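Undergrad: The following block contains the structure, expressed as structure tokens.
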Amino acid sequence: MLAMDQSGRLSGVENPIVNPAAEHVTLDHQEAFGAGAFARLAVELHDAGGVEETVEAVVQFALQAEACSYAGVVLTLRGELETAAVTDPLVTEIYQLQADVGEGPMLTALGEGVVVHVPEVKAEKRWPAWAARLTQDRVGSALHVPMWANEQLIGVLSLFNTEPNAFTADDEAIAHILARHASVAVASARDGETMAAAVDARKLVGQAMGILMERFDLDETSAFEILKRYSQQNNLKLRDVAQDLIDTRKLRGSDGE
């Protein structure tokens, strides 16, 4: 997990920022690569089992759809940056370097909600601290595209090429389309995981209530109130209290309940 500093916080991007380049993303660009390929991607993302599988499919697809040597996705998670998927460990190193120095093209894309194109990495002067420490010779150019879902900036899709000036306007247009597909899929996967976690929590609480009801001859309301009160008094999540009761058959620190 990459901790976000002041350069990477989302305080200035609560509302979506429209990039003029996005207005020129048309179906022509999609057809140029192949509508069938994007259709297959849509199916693959729909069938992905969760966020991890979703972003992995995205970066692998990027290697086929774009003029890129490496690809990566960073996602925002509770105020922090998470390296969600990379096609090469080098991408993780590039992300980490930006987190260390507090500046860089990916952080700018995330902080300002705009596409950041780095035509020639070695000649880059916009982020001096980052450029000074970037000693890798395996990256010549880069393209970072923000990922939006429900008017929230949820991450960045990053593309890298070993050669300078590798990304064209068509590459950027395709990257926009890919980022849109990825954003929707990630948001859906997150919602699915949240719902699954909620269902699991309800099952745990129900099982714990059953234990209390059987042991102390309680009704459902009384059993739930006991769990809730213990949760509040001990500053614990209700599902954790339930899990502990199921595992130990008692509420820690209590004599009866």
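The values are calculated or read from the model by the stated rules, or taken from the named source; none is laboratory data. Only a predicted model underlies this, so the values are computations on that prediction, with no experimental measurement involved. Ideal geometry is used to build each Cβ from the backbone, glycine not excepted, and the neighbour counts take in all protein chains shown.
Undergrad: When residues of segment 83-111 are filtered for being within 16 Å of Glu124 (Cβ to Cβ) and polar (S, T, N, Q), how many remain?
TA: Of the residues in that region, 2 qualify.
Undergrad: Is one or more of the residues making up segment 64-74 hydroxyl-bearing (Ser, Thr, Tyr) and buried (at least 22 other Cβ atoms within 10 Å of the Cβ)?
TA: The first filter runs over segment 64-74 and keeps only residues hydroxyl-bearing (Ser, Thr, Tyr), leaving 69-70.
Subset that is buried (at least 22 other Cβ atoms within 10 Å of the Cβ): 70.
Within segment 64-74 (the criterion being hydroxyl-bearing (Ser, Thr, Tyr) and buried (at least 22 other Cβ atoms within 10 Å of the Cβ)), the answer is yes, since at least one residue qualifies.
Undergrad: Same structure, new question: Does segment 172-187 contain at least one residue that is in the same structural domain as Gly104 (by TED's automatic domain parsing), crowded, with 21+ Cβ neighbours inside 10 Å, of a type in the set (S, T, N, Q) and part of a helix (DSSP H, G or I)?
TA: yes
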